[in-house]
Each structure stands twice: as structure tokens, then as C-alpha cells.
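Have a look at the structure below, then the notes.
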Amino acid sequence: MAKAISRIKRMEMTQEQIRAKKVSNLEAKMADNAESIEKAIDLIRTLDEAGTLDTLNAFVKHKEDALGHFVTEANKPRYSKTFENLFEFVFLMGDLDVQKVRELSQRLNQGLEGMEEGSELDEKTSMMDLMKALKDPEINQGITMMLHFIRGLGKRN
């Protein structure tokens, strides 16, 4: 009959073997995540070129002081309404159709340019001039759009 096992000898690895195993695991992880690592390196390079990496580094080293100053400043009464509006604005951004806002912004810029050109002229507009202007397709379309906008403002959901 065999003798009962009374002592278990653990297999001990040398420091060199432990280090080799860690290097092997790290190499495998790097190979699996090569694209992400390259992106991280690009990000760090961009931050460094912009001078932001030094700022972030200083911020991390002195985060307690920096956060303390930020919190002290942010707790001032003059900023409370700003933060409330900021949170509301973030929720509003989720409701907006960005493509429509972009198109509206472009049209507003065109309208402002036209307004600047027209404001340089020093002439009065008569009722007859308004009637003639309605025959201009661009003016007619602009007024029609404004009427639809005003009608849309008046609708209740």
C-alpha cells in the first residue's frame, strides 16, 4: 500500500521565471490591443504637441489643490444659474435635429450678410416697394418661411 501524502511541496518560480511570464502576458495583451495602443500613443502625442500634456500632468500631481480651487470658484452664487442652464442645455441638445439647426444657421448667416449690405443704403421703403418686393422669389420664400416659423411657434402640443 502506498504511503499517505503528508507534505505538499509547492512549485516555486524564480524571480526570472515570474518576470518572463509577466513579459509574455504583456506581449499577448499588446498584440491583442495593438490598434487601441496606437490610438493612445497618437492621443498622447497630440496632447504633448498642444502643450496640454504638461497641464494635465500638473493637474494630476496637484489635483487636490486644483479641485479645491475649482469647487470654491464654482460654488459662488454668480455661477449657480450657469450650471443649471448648462445641464438644461445638455438635455436640449439631445432633442434638437442637428441637420435642421445647421441649415437654419447657414440661412441666418446669409440673412445677416444681406442685412449688412442693405443697411449701408440710406433709403426709405414705401408700401409700394414692399408689394414689389413680394414678387422677388427670394424675399417671398423668406417671408413664407417666417410665416411658417411663426405658425409653428403658435402650435401647442
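The values are calculated or read from the model by the stated rules, or taken from the named source; none is laboratory data. Please read all numbers here as calculations on a predicted model, not as lab measurements. All Cβ positions, even for glycine, are placed from backbone atoms using ideal geometry, and neighbour counts span all protein chains on display. SASA here: full protein model, heavy atoms, side chains in, ligands and nucleic acids out. Shrake-Rupley method; radii C 1.70, N 1.55, O 1.52, S 1.80 Å.
Brief remarks on what is shown
- Placing R0 at 35 angstrom, the Cβ-Cβ distance between Ala28 and Ala50 gives a FRET efficiency of 0.60 after rounding to 0.05.
- Considered as an equivalent ellipsoid built on the Cα gyration tensor, the range 29-117 has semi-axes of 36, 27, 16 Å, the largest given first.
- Separation of alpha-carbon centers, the range 1-74 and the range 78-157, rounded to whole Å: 53 Å
- Positive-end residue of Ser24, Ile37, Ala2, charge dipole of the chain with Cβ unit charges: Ala2
- Relative intensity, log₁₀ I(q)/I(0), of the range 108-157 from a Debye sum that treats every alpha carbon as a point, q = 0.12, 0.21, 0.22, 0.28 Å⁻¹: -0.37, -0.93, -0.98, -1.13
- Carbon and sulfur %, accessible surface of the range 21-157 computed with the full protein complex present, 1.4 Å: 60 percent
- Between the residues Thr46, Ile139, Leu67, the greatest Cα displacement towards the positive end of the dipole of the chain, with unit charges on the Cβ of Lys, Arg, Asp and Glu, is found for Leu67.
- Per residue value of the accessible surface for the chain (all protein chains in place, 1.4 Å probe), Å²: 101 Å²
- Filtered trypsin sites (Lys or Arg not before Pro), the range 64-157: DSSP coil and at most 10 other beta carbons within 10 Å: Lys124, Lys135, Lys155, Arg156
- Here the alpha carbons of the chain define both size measures, Rg and Dmax, at 33.7, 122 Å.
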